[in-house]
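Colleague: Structure in structure tokens, see below.
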Amino acid sequence: MASDAPAAAPSQGEEGAAPRTIDAAVADDRRRDRRSRRYRRDVKWSPYAFVAPFFVFFLAFGLFPLLYTGWASLHRVELTAPTDMEWVGLRNFSRLLEDEFFWNALKNTVTIGLISTVPQLLIALGIAHLLNYRLRGSMFFRVAALTPYATSVAAATLVFVLLFGRDYGMINWALGLVGIDSVDWQNGTWTSQLAVSTIVIWRWTGYNALIYLAAMQAIPNDLYESAALDGASRWQQFIHVTVPSLRPTILFTCVVSTIGATQLFGEPLLFNGSAGATGGADHQFQTLGLYLYEQGWVNLHLGRASAIAWAMFLILLVIGAINWLLARRLSKNA
């Protein structure tokens, strides 16, 4: 039986509840909208913020010095007054073409680069091949191979200076045991370049060996198993399977080693401390890096040093172009 009593009117508290609920919902929608906008901005701009430090440091310590060096190479400017520039155009570069010391430094750089790079990469390839097989304590040998790379240039060079000493060096002592007279390693042309190259070989062989080892471990085992089924020995597998598979890696290490040889500085500078930046009494092991240092920080000719730096940069660009062409050809052949 339906009641004829009228419905109860909402109380004062119930009448105010609806407006408060609507206001809260509107406020929640606004907060969600703000959070959504912040999220969209975060997704859009955060990647740029993460990579911004690299570009800031690159602009400050990479691009700006490069451009300033290029501008200084077109002027006659001394290190004692770097803001006092006199425009000379390409005169600093044309003087390099007539400078016998520049060509001597370039020749020494090429010679030391060849003497150090070729044996270094061959030894590194052999070490990596040995480490690629299961050996007891293989992790120890890998760490030991990388130890010379972690050694500072100054410490390594000073030790080798003692080893190659003319009167009391261990190398000459060992040569004397087999009846060979003492060698003046620092003052001879080929001997000094060989000694400097030995330091480079010692420092970088283990580093390149680990690069080769990582590339070898990426070679599929199916290739070795197929070669073994065909009767190939380990040496034949190395020649016909490992080396062809490592061609891109070998090319990479050749380019990196060539760039490092072009910039060689610390080893020849410290090898004969009394000679300073001259690279020996007859400039017999003065590299481009040493010649740049001599012109800019010893003779204070900042414009000439800048021209040498840009000449080295152009040489590296040529090396990079050759690397690109060889890499394209290798990829096509593959």
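Colleague: Fully extended, how many nm does the chain gain between F50 and A327 (0.36 nm per residue separation, minus their Cα-Cα distance)?
Modeller: Working: separation 277, 0.36 × 277 = 99.72 nm, distance 3.17 nm.
Additional length available on full extension: 96.5 nm.
Colleague: Along the Cα→Cβ direction, 7 angstrom out, place labels at N299 and A24. What is the inter-label distance in nm?
Modeller: Roughly 8.4 nm, to one decimal.
Colleague: A further question follows. Ignoring trypsin sites (Lys or Arg not before Pro) that are buried or in helix or strand per DSSP, and keeping those with at most 16 other beta carbon atoms within 10 Å, what is the longest stretch of the chain between them? Can you show the working numbers first?
Modeller: Working: sites that count: R134, R136, R166.
Of all site-free stretches, the longest is 167-334.
Colleague: Beyond 15 Å, what share of the Cα-Cα pairs of region 238-294 is found? Please give it as a whole percent. Intermediate results must be reported in sequence, preceding the final value.
Modeller: Values: 917 of 1596 pairs.
Counting every Cα pair in region 238-294, those more than 15 Å apart make up 57 percent.
Colleague: With r as the distance between the Cβ atoms of L251 and V43 and R0 = 30 Å, compute the FRET efficiency 1/(1 + (r/R0)^6) and round to 0.05. Present the calculation step by step, with values, prior to reporting the outcome.
Modeller: On the way: r = 40 Å, r/R0 = 1.32.
Efficiency, rounded to the nearest 0.05: 0.15.
Colleague: How would region 55-94 be classified by its alpha-carbon gyration tensor: rounded, prolate or oblate, with rounded meaning a/c under 1.5 and the a/b versus b/c comparison settling the rest? Write out the running numbers ahead of the final one.
Modeller: On the way: a/c = 3.64, a/b = 1.84, b/c = 1.98.
It is oblate, given that a/c is not under 1.5 and a/b is not larger than b/c.
Colleague: With a cap of 16 neighbouring Cβ atoms within 10 Å, and only residues DSSP puts in a loop, list the chymotrypsin sites (Phe, Trp or Tyr not before Pro) found in region 44-146. Write out the running numbers ahead of the final one.
Modeller: Values: sites: W45, Y48, F50, F54, F55, F57, F58, F61, Y68, W71, W87, F93, F101, F102, W103, Y133, F140, F141; in loops: Y133.
Here the sparse-neighbourhood loop sites are Y133.
Colleague: If each of A154 and K107 carries a label point 7 Å out from its Cα toward its Cβ, how far apart are those two points in nm?
Modeller: Distance between label points: 3.3 nm.
Colleague: Given the rule -39500 (n - 2.57) for each run of at least 4 DSSP H residues, summed and divided by the residues of the chain, what is its mean residue ellipticity at 222 nm, to the nearest 500 deg cm²/dmol?
Modeller: Values: 14 runs with 230 residues, N = 334.
Roughly -23000 deg cm²/dmol at 222 nm, from the helical runs in the chain.
Colleague: Using the Cα atoms as the points, what is the convex hull volume per residue of region 163-267 in Å³?
Modeller: Details: hull volume 15.0 nm³, N = 105.
Cα-based convex hull of region 163-267, divided per residue, equals 143 Å³.
Colleague: Compute from the Cα atoms of region 72-164 the Rg and the Dmax, the latter being the longest Cα-Cα distance, and quote both in angstrom.
Modeller: 22.2, 66
Colleague: Please report, to two decimal places, log10 I(q)/I(0) for region 207-275 at q = 0.19 Å⁻¹ as given by the Debye formula with identical point scatterers on the Cα atoms and no solvent.
Modeller: Here the Debye-derived log intensity ratios amount to -0.80.
Colleague: What are the semi-axes of the equivalent ellipsoid of the chain, taken as the square roots of 5 times the eigenvalues of the Cα gyration tensor, listed largest first and rounded to whole Å? Show your work: numbers first, answer last.
Modeller: On the way: eigenvalues 761, 254, 83 Å².
Rounded to whole Å, the semi-axes are 62, 36, 20.
Colleague: To the nearest 20 Debye, how big is the dipole of the chain about its Cα centre, given +1 on the beta carbon of each Lys and Arg and -1 on that of each Asp and Glu?
Modeller: On the way: 26 positive and 23 negative charges, 160 e Å.
I would put it at about 760 debye.
No value in this document is a laboratory result; all are computed from the given coordinates. Quantities reported herein were computed from a predicted structural model and do not represent experimental measurements. Cβ sites come from the backbone with ideal geometry, for glycine too, and all protein chains shown count toward neighbours.
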